[in-house]
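One structure below.
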Amino acid sequence: MSTPAKNNGTGLEDVNIPGQAYLREALTSCTDPLKAIESFQLENGVLLPSLRPMLPLLDLHGVRRLDFHTSLMEELRDKLIAHINEMGQKEPRERDKKLKELLVKSFPVVRVKSLRPVVMAILRNTQHIDDKYLKILVRDRELYADTDTEVKRQIWRDNQSLFGDEVSPLLSQYIREKEHILFDHTNLNNLFFQPTPKVRRQGEVVQKLANMIGTSVKLYDMVLQFLRTLFLRTRNVHYCTLRAELLMALHDLEVQEIISIDPCHKFTWCLDACIREKNVDIKRSRELQGFLDNIKRGQEQVLGDLSMTLCDPYAINFLATSAIKILHHLINNEGMPRDNQILILLLRMLALGLSAWVMIDSQDFKEPKLDCQVVTKFLPALMSLMVDDQCRSLHAKLPPDERESALTTIEHSGPAPDAVEAYIQESSVASILAMYYTLHTARLKDRVGVLRVLAILSACKDDRAYEDPFLHSLIALLIPMSEEFATEDFCTTLFDEFIFAGLTRENVTSRHMLKLLWYVHNKMPAGRLATLMKAMQPTTAHNEHIHKLYETLQERIGTGAAETPVIEAPPIEFDSPLKSVPTPGPHYAAQ
């Protein structure tokens, strides 16, 4: 049996074809090199008697023998590859035997570039490749680069670090893409929450990861372990998004080998359908509740992955937006929050998603109990705030002469109820609901409604109100309210009571703030604008992009320009995010 190609030579001698070494020996040991070359051509040319008389004719037409033989070789190679691919579709027993024989005969010439595609085609169609071949492919960088993904999967299964090296740039690219949408100050149309789930998972990174995984449960498990570890290390919720999008991409591809054993599949599928339709009906709510209620003893670890799915910003956005819609429905129908089972389920899922990091970090896989007082005390207080805003809106629509008679002793424009402020300090669920009601009022351009909630948002538990997706959405809604920035009370509440309270929290608040000023600076009093620009002046702690954006904003303000060239956000430098990621355990394989 022929042995795999060695590092020296091309491997032709190993399959009894004279190669470089033979030709060198023939030329250096003879007395007539031209005769030796002619002899070599006769012995190794195309051995078809009917073809030989044609070669002088080709010579007359100026066709070099090299071009002729290369053309012939390429034609034969393509036909052979097509035949190998056809063979790959046959019954396993017949296919595997023939492919194995072909691989033994052809692998020694894998370093001959013109013949390599044939070897790669055989490897691609071989279900189980011997380790001796895989090791040679891994050791040779050029061979590894030319190896098809189908073959690399067999390499990666037993080489987590190599798989991590392949996956790491994709994960970094995914985070950059998400943050570019969130921070791009020229972006007012392609907002973060606009794309549908189906569109999002057609993205390049998700599709590449799905292709790399193929049908391999082991590789899928490795990717999930990477995502869990990176989420723990960075608290970056975009890894939660990728976990859900990857699973649903495999669902679209109908990779039954994986989706049939991922215990989160049906839950994620159901939630994805709700997000797509922007609605939770009775049937789907029962399905979602059933998944949560029927987690068996010994399978509690599934809660960790379910919580990551629910920690996805798109899931949080859907749950919170749906809860606000239900609260409006309850107000209009004089219902009680505690009597609405879908609302209770939404809050339960919110609580689970918001506890994802703590749960995975502590490895204490227990569903957090929803504080009953959030339902019995906070929600009624929030609903009273919502009723105030509705009453004030209706009152404003009355003819001027009827407004006086419609005045009541109830104050509809005062501070938010004490219970709302108290509970957002203690409960992440309450914080999220207050934040999303702020977005609701901003969408209606209700300046008083916006100010009442903004005044207390800095008190949200765990600084929830300073998370990127919320600030991105809030700024996008405030920009169309640019006329309000001419008023002192609006600026005082927004900047002094809310934005400035978050400026000490990393670079992100600064980037959202600069985006806002980019569009509303010309509506603001000069003194207020000067104060803001001084407060926003970046320090050495801020990254280069913030410095550049600040300088460009200064120029924009100085020239009074309405438009400036688009500034592309530079790629964010990442160290490899997969350093020291532990080997995944048999999370699904054991189930």
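Kindly report, to the nearest 10 Å², the accessible surface of CYS30 as traced by a 1.4 Å probe over protein heavy atoms only.
Answer for CYS30: close to 50 Å² accessible.
Does the chain classify as rounded, prolate or oblate by the C-alpha gyration tensor (a ≥ b ≥ c root eigenvalues; a/c under 1.5 gives rounded; else a/b over b/c gives prolate, otherwise oblate)? Display every interim value, and only then the final one.
Details: a/c = 3.25, a/b = 2.14, b/c = 1.52.
It is prolate, given that a/c is not under 1.5 and a/b is the larger ratio.
What FRET efficiency comes out for the pair LYS97/THR31, r = Cβ-Cβ distance, R0 = 45 Å, nearest 0.05?
On the way: r = 49 Å, r/R0 = 1.09.
It comes to 0.35.
If you roll a 1.4 angstrom probe over the protein chains with everything in place, what fraction of the accessible area of region 160-362 belongs to carbon and sulfur, to the nearest %?
Numbers: 4070 of 8240 Å².
After summing per-atom areas, the C and S share lands at 49 percent.
Specify the inter-centroid distance of region 152-190 and region 316-334, based on alpha-carbon positions, in whole Å.
About 35 Å separates the Cα centre of region 152-190 from the one of region 316-334.
Given the peptides 526-532, 421-427, 294-300, 109-115, arrange them by the average over their residues of other C-beta atoms within 10 Å, most packed first. List each step's numbers first, then the result.
Values: 526-532: 14.0, 421-427: 19.9, 294-300: 9.9, 109-115: 18.1.
Per-residue Cβ counts within 10 Å, averaged per peptide and sorted highest first, yield 421-427, 109-115, 526-532, 294-300.
Once every DSSP H run of n ≥ 4 in the chain is given -39500 (n - 2.57) and the sum is divided by its residues, what mean residue ellipticity at 222 nm do you get, rounded to the nearest 500 deg cm²/dmol? Mind showing how you got there, number by number?
Numbers: 31 runs with 367 residues, N = 591.
Mean residue ellipticity at 222 nm (helix-derived): -19000 deg cm²/dmol.
Between ILE261 and ASP140, what is the label-to-label distance in nm when each label sits 7 Å out along the Cα-to-Cβ direction?
3.4 nm
By the 4.7 Å beta carbon criterion, which cysteine residues of the chain come out unpaired?
Among the cysteines of the chain, those whose Cβ sits 4.7 Å or more from every other are CYS30, CYS264, CYS270, CYS274, CYS372, CYS391, CYS460, CYS491.
On a full-extension model of 0.36 nm per residue, what is the gain between ARG24 and ASN333, subtracting their alpha-carbon distance, rounded to one decimal in nm? Please list the in-between numbers first.
On the way: separation 309, 0.36 × 309 = 111.24 nm, distance 9.42 nm.
Additional length available on full extension: 101.8 nm.
In the structure shown, do any of LYS97/LYS135; LYS105/LYS135; LYS397/LYS523; LYS178/LYS296; LYS283/LYS325; LYS283/LYS377 have a Cα-Cα gap over 24 Å, and if so which?
Numbers: LYS97/LYS135 21 Å; LYS105/LYS135 18 Å; LYS397/LYS523 26 Å; LYS178/LYS296 35 Å; LYS283/LYS325 18 Å; LYS283/LYS377 28 Å.
Pairs exceeding 24 Å: LYS397/LYS523; LYS178/LYS296; LYS283/LYS377.
To the nearest 10 square angstrom, what accessible area does PHE470 show with a 1.4 Å probe?
10 Å²
Step through the residues of region 468-474 one at a time and calculate ³J(HN,Hα) from phi using the Karplus curve (6.51 cos²θ - 1.76 cosθ + 1.60, θ = phi - 60°), rounding each to whole Hz and writing x for Gly and Pro.
Along region 468-474, the couplings run 4, x, 5, 4, 4, 5, 5 Hz.
Can you tell me the length gained on complete extension of the stretch ALA486 to ALA273, counting 0.36 nm per residue apart and subtracting the Cα distance?
72.4 nm
Could you work out the relative contact order of the chain? I mean the mean sequence separation of Cα pairs under 8 Å and 6+ apart, divided by the number of residues, in percent. Don't jump to the answer; show the numbers that get you there.
Details: 574 pairs, mean separation 72.0, N = 591.
Averaging sequence separation for qualifying contacts and normalising by length gives 12 percent for the chain.
So, for region 46-156, what is the accessible surface per residue at a probe of 1.4 Å, expressed in square angstrom? Could the numbers behind the result be given before it?
On the way: 6920 Å² over 111 residues.
For region 46-156, the solvent-accessible area averages 62 Å² per residue.
Please turn the phi angles of region 117-129 into ³J(HN,Hα) values with the Karplus equation 6.51 cos²θ - 1.76 cosθ + 1.60 (θ = phi - 60°), one per residue in order, whole Hz, x for glycine and proline.
With the stated coefficients, region 117-129 comes to x, 5, 4, 5, 5, 5, 4, 4, 8, 8, 5, 10, 8 Hz.
Output the peptides 23-29, 306-312 sorted from most to least packed, where packing is the average of other Cβ atoms within 10 Å over each peptide's residues. Walk me through the intermediate numbers first.
Values: 23-29: 11.6, 306-312: 25.1.
For the peptides 23-29, 306-312, the packing ranking is 306-312, 23-29.
Determine the share of region 467-556's accessible area contributed by carbon and sulfur atoms, expressed in whole percent, with a 1.4 angstrom probe. Write out the running numbers ahead of the final one.
Details: 1860 of 3660 Å².
C and S atoms contribute 51 percent here.
Whole number in Å², please: accessible area per residue of region 467-556, 1.4 Å probe, ligands, DNA and RNA not counted. Each step should come with its number before you reach the end.
On the way: 3660 Å² over 90 residues.
Heavy-atom SASA per residue in region 467-556 reads 41 Å².
The values are calculated or read from the model by the stated rules, or taken from the named source; none is laboratory data. Small disclaimer: the values here were computed from a predicted structure and weren't measured. Because the Cβ atoms are built from the backbone with ideal geometry, glycine has one as well, and the counts that use them run over all protein chains shown. Protein only, heavy atoms only, side chains kept; ligands, DNA and RNA dropped before computing areas. Shrake-Rupley method; radii C 1.70, N 1.55, O 1.52, S 1.80 Å.
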